[in-house]
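The values are calculated or read from the model by the stated rules, or taken from the named source; none is laboratory data. Everything numeric here is computed off the predicted structure, so don't read it as measured data. Positions of Cβ are backbone-derived with ideal geometry, glycine not excepted, and every protein chain shown enters the neighbour counts. Surface areas here come from the heavy atoms of the whole protein model, side chains and all, with no ligands, DNA or RNA. Shrake-Rupley method; radii C 1.70, N 1.55, O 1.52, S 1.80 Å.
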Amino acid sequence: MRLNIIFDLDGTLINSSKGILSALKMAFDVCKIEPKKILTDQLIGPPLNKLLPTLLSDENLNSVEPLTAAFKERYDNEGYKNLSVFSDVEVMLAKLSEQGHTLYIATNKRIIPTKKIIPFLGWSHYFDEIYALDSFPNLENKQYLIENIMDLHNMEKETTLYIGDTVADFKASKANGLEYIMVLWGYDSDGWQGEYCAISPVGVLDCISEISSNQI
């Protein structure tokens, strides 16, 4: 059975933490502000407008706008290239494409760098469409992003699944009635106890094969 397979990006297909953290550090340096948390991989995941306030003390909350501008200047021009692809991810994408599944991206990352990253990696031919929170107006989180994508493409929940690396991804998927595959190499999958999980892209293929068989 052919499926609509929606992927998260950061922590699922790529590790972009170096580029993000470097751009964050530069933004704080430019604005001459000290972040109240150490800049580590654990920060990766939330959209920028939700992340930055968590890094600011109360007296610096009015600095979100200049920090955002400084981050975008660095990350959107060169910083996005500072990433790595998880092992065998491209093999997985090629296999799914060969099998006739329709692939999408739904990410918390902004759409401008996302639409630069995919062609930078040579992946444009794998994905029918690429979406981010800011692809639609006033979306609060990934639950509503997935909902909008499904509505736009008339996807049936029985033939659609989401693949991500966080508990938030799981919740967003289940809120839309979708099967979910947790990849265990990402940012927030420790102790995962869900039905479908994968320790490698080969494991993702196995999960998809099982889900597809169950839908027949």
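Among all stretches of the chain without exposed GluC sites (Glu not before Pro) (DSSP loop, at most 15 other Cβ atoms within 10 Å), which one is longest? Could the numbers behind the result be given before it?
Values: sites that count: GLU78, GLU140, GLU156, GLU195.
Longest site-free region, per DSSP loop and neighbour criteria: 1-77.
Return the aspartates and glutamates within reach of LYS95: Cα separation strictly under 19 angstrom, same-chain partners fewer than 8 residues apart disregarded; answer none if there are no such residues.
Cα-Cα hits under 19 Å: ASP8, ASP128, GLU129, ASP206, GLU210.
Using a Gaussian network for the chain with springs between C-alpha atoms less than 10 Å apart, which of these wobbles most: ALA132, ALA172, ALA94?
For the chain, modelled as a Gaussian network with Cα springs under 10 Å, the answer is ALA94.
Quick check: with the 1.4 Å probe, what order do LYS115, LYS72 take by accessible area, largest first?
So, going from the largest accessible area down, we get LYS115, LYS72.
Rounded to the nearest Å, what's the spacing between the alpha carbon centres of region 79-135 and region 141-160? Just the number, please.
Distance between centres, Cα-based: 17 Å.
State, as an integer percentage, the relative contact order of region 1-83 based on alpha-carbon contacts under 8 Å between residues 6 or more apart.
On the way: 68 pairs, mean separation 36.6, N = 83.
Computed value for region 1-83: 44 percent relative contact order.
Using C-alpha positions alone, give me the convex hull volume of the chain per residue in cubic angstrom. Mind dumping the intermediate values first?
Values: hull volume 24.9 nm³, N = 216.
In the chain, the Cα convex hull volume per residue is 115 Å³.
DSSP beta bridges in the chain, what fraction antiparallel, as a percent rounded to 5? Let's see the in-between values first.
Values: 2 of 23 bridges.
Of all bridge pairs located within the chain, approximately 10 percent are antiparallel.
Could you work out how far helix 111-120 tilts from the main Cα principal axis of the chain, as a 0 to 90 degree angle to the nearest 10?
Approximately 60 degrees, to the nearest 10.
Listed here are the pairs LYS81/LYS109; LYS72/LYS171; LYS37/LYS115; which of them are more than 19 Å apart at the Cα? Don't jump to the answer; show the numbers that get you there.
Numbers: LYS81/LYS109 14 Å; LYS72/LYS171 29 Å; LYS37/LYS115 29 Å.
Correct reply: LYS72/LYS171; LYS37/LYS115.
Please determine, in degrees from 0 to 90 and to the nearest 10, the orientation of helix 142-152 with respect to the longest principal axis defined by the Cα atoms of the chain, where the helix direction is its Cα long axis.
Helix 142-152 and the main axis of the chain meet at about 50 degrees.
With everything on Cα atoms, drop me the angle between helix 201-215 and the longest principal axis of the chain, reported from 0 to 90° to the nearest 10.
That works out to roughly 50 degrees.
Starting from the Kirkwood radius over alpha-carbon pairs of region 76-128, derive D by Stokes-Einstein at 25 °C in a medium of 0.890 mPa s and give it in µm² s⁻¹.
Working: Rh = 12.1 Å.
Rounded, D is 203 µm²/s.
Report the semi-axes of the equivalent ellipsoid for region 157-216 in whole Å, largest first, where each axis is √(5λ) for an eigenvalue λ of the Cα gyration tensor. Numbers along the way, then the final one.
Working: eigenvalues 64, 42, 12 Å².
For region 157-216, the ellipsoid semi-axes come out as 18, 15, 8 Å.
As a check on your grasp of the helix formula, calculate [θ] at 222 nm for the chain: sum -39500 (n - 2.57) over DSSP H runs of n ≥ 4, divide by the residue count, round to the nearest 500.
Values: 8 runs with 88 residues, N = 216.
When only DSSP H runs of four or more count, the value is -12500 deg cm²/dmol.
Please state, rounded to one decimal and in Å, the Kirkwood hydrodynamic radius that region 103-167 gives when every pair of distinct Cα atoms enters the mean of 1/r. Kindly include the intermediate steps, with their values, before the conclusion.
On the way: mean 1/r = 0.0799 Å⁻¹.
Here the Kirkwood hydrodynamic radius works out to 12.5 Å.
Please state, as a whole number in µm²/s, the translational diffusion coefficient that the Stokes-Einstein equation yields for region 32-150 at 25 °C and 0.890 mPa s, with Rh defined as the Kirkwood radius across alpha carbon pairs.
On the way: Rh = 16.2 Å.
Here the translational diffusion coefficient equals 151 µm²/s.
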